[in-house]
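Accompanying notes for the structure given below.
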């Protein structure tokens with residue numbers, strides 16, 4: 001069974017590791033110092049070391065005694081000041097002679113030169129007042145400084161290892177949580193069930209697993225509801241198609257008879273209404289299909305070719321009202337990812353709306369630009385700007401500004417375009433530019449192909 005602990009306990013364990021490691025570092029430093037002292041590599045006696053030379057001791061006796069010590073020294077003949085023997089550095093010789101000449105101790109930094117004498121000789125000893133390496137080649141290095149640096153390096157290493165271990169453990173748990181969070185509710189995605197040692201993370205995982213099951217069920221229910229809606233719309237379309245065909249046939253038969261001018265006006269009105277009804281119903285069918293479609297939104301679309309085809313489609317729409325239509329391509333991307341058919345239909349819907357709200361001889365401009373994350377299709381017209389209500393609700397299904405019965409706008413076009421934008425991991429934005437008119441921006445996710453530069 002996996003042993004679990006809280007975040008507080010895990011942090012406390014890291015603190016204890018650092019404390020225990022610090023104690024171990026201190027002990028290690030003390031042991032190292034003891035070994036250096038024991039092997040005669042470190043002088044820590046300072047002024048506490050006492051030397052006595054009796055009158056009976058000869059020069060060789062004093063020399064042998066000092067050679068086995070850790071101190072530098074110089075032995076002078078007390079009568080003529082001749083240097084009898086010694087173990088010293090040349091740069092220190094003047095201090096030894098100064099002590100001999102003055103008969104008193106001489107201090108040089110942390111070094112104290114003191115004398116001991118008998119009736120025949122004067123012994124001058126070099127005493128360091130702080131721990132010092134016995135080897136003359138290492139004396140310029142402060143043992144205290146080396147000890148501090150050694151301790152600090154070990155301490156930093158200890159803290160780094162302990163903290164990195166803690167962070168790795170936290171990162172491992174949080175990445176597992178992130179992975180599960182990002183894959184929740186995705187059909188066919190098995191997120192697996194794993195447990196962690198940290199109680200808080202484990203509780204989050206258990207909650208995520210539960211929410212994943214709930215979300216999967218909700219998505220399945222939503223999909224089923226959409227399929228039911230699409231089926232009902234398709235069934236309704238089938239049921240209406242037959243009487244609508246009969247109605248159109250009867251209208252054609254009536255038009256072949258002798259009708260007066262008033263009757264012809266009635267027939268024209270009926271034909272017009274039937275046409276509006278067909279367009280409305282076709283829009284409804286297309287929208288319902290969009291809800292359940294599983295099309296490929298990763299097609300390679302050559303942007304220049306796509307815009308040429310779009311321009312040809314828009315020509316008939318614009319020519320009926322003498323609209324000045326322009327396409328401005330500011331994007332440097334040659335190929336975009338998406339669903340060609342649905343993207344084309346979405347832009348046609350937006351352009352149709354822009355044309356409808358333009359006055360005679362109006363102007364519509366489609367500008368294509370790009371940012372680091374999105375490809376932008378901006379459709380601007382020089383008609384009236386959007387109302388506050390339109391800016392807020394323009395993308396909702398069945399929304400229309402004109403609430404009257406004679407409106408030819410069904411409130412489906414922009415809603416369809418918004419769904420297409422969302423399928424392309426983008427969004428639909430309605431705005432009123434400062435230069436006047438109204439603008440609809442369709443953003444789609446910019447996805448680079450393998451080997452394509454941004």
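Where a number appears in this text, it was derived from the coordinates with a stated rule and is not lab data. Every value quoted in this text rests on a predicted model; they were computed, and no experiment measured them. Here the Cβ is made from the backbone with ideal geometry for all residues, glycine too, and neighbour counts use every protein chain on show.
Scoring 322-332, 246-256 by mean Cβ neighbours within 10 Å over their residues and listing the highest first yields 322-332, 246-256. By the compact-protein rule of thumb, 2.2 N^0.38 Å, the alpha-carbon radius of gyration of region 65-224 corresponds to a ratio of 2.46.
Answer rounded, prolate or oblate for region 97-143, using the Cα gyration tensor with square roots of eigenvalues a ≥ b ≥ c: rounded when a/c is under 1.5, else prolate when a/b is larger than b/c, else oblate. Prolate is the answer for region 97-143, as a/c is 1.5 or above and a/b outweighs b/c.
Label-to-label distance, residue 194 versus residue 27, with points set 7 angstrom from Cα along the beta-carbon direction: 3.7 nm. The calculated FRET efficiency for residue 34 paired with residue 211, based on their beta-carbon distance and R0 = 60 Å, is about 0.45.
If packing is taken as the average count of other Cβ atoms within 10 Å, what order do 194-202, 153-161 fall into, highest mean first?
Working: 194-202: 16.0, 153-161: 13.4.
In decreasing order of mean packing, 194-202, 153-161 become 194-202, 153-161.
Would you work out if region 334-389 is rounded, prolate or oblate? Take a ≥ b ≥ c from the square roots of the eigenvalues of the alpha-carbon gyration tensor; rounded if a/c is under 1.5, else prolate when a/b is larger than b/c, oblate otherwise. Prolate shape, in that a/c is at least 1.5 and a/b is the bigger ratio. A prolate overall shape is assigned to region 135-219, the ratio a/c of its alpha-carbon gyration tensor axes (a ≥ b ≥ c) being 1.5 or greater and a/b exceeding b/c.
Peptides 344-353, 258-267, 32-41 ranked from most to least packed give 344-353, 32-41, 258-267, packing being the mean of other C-beta atoms within 10 angstrom over each peptide's residues.
Mind giving me the FRET efficiency for residue 334 and residue 140? R0 is 60 Å, r the Cβ-Cβ distance, nearest 0.05 is fine. Efficiency computed from Cβ-Cβ geometry: 0.30.
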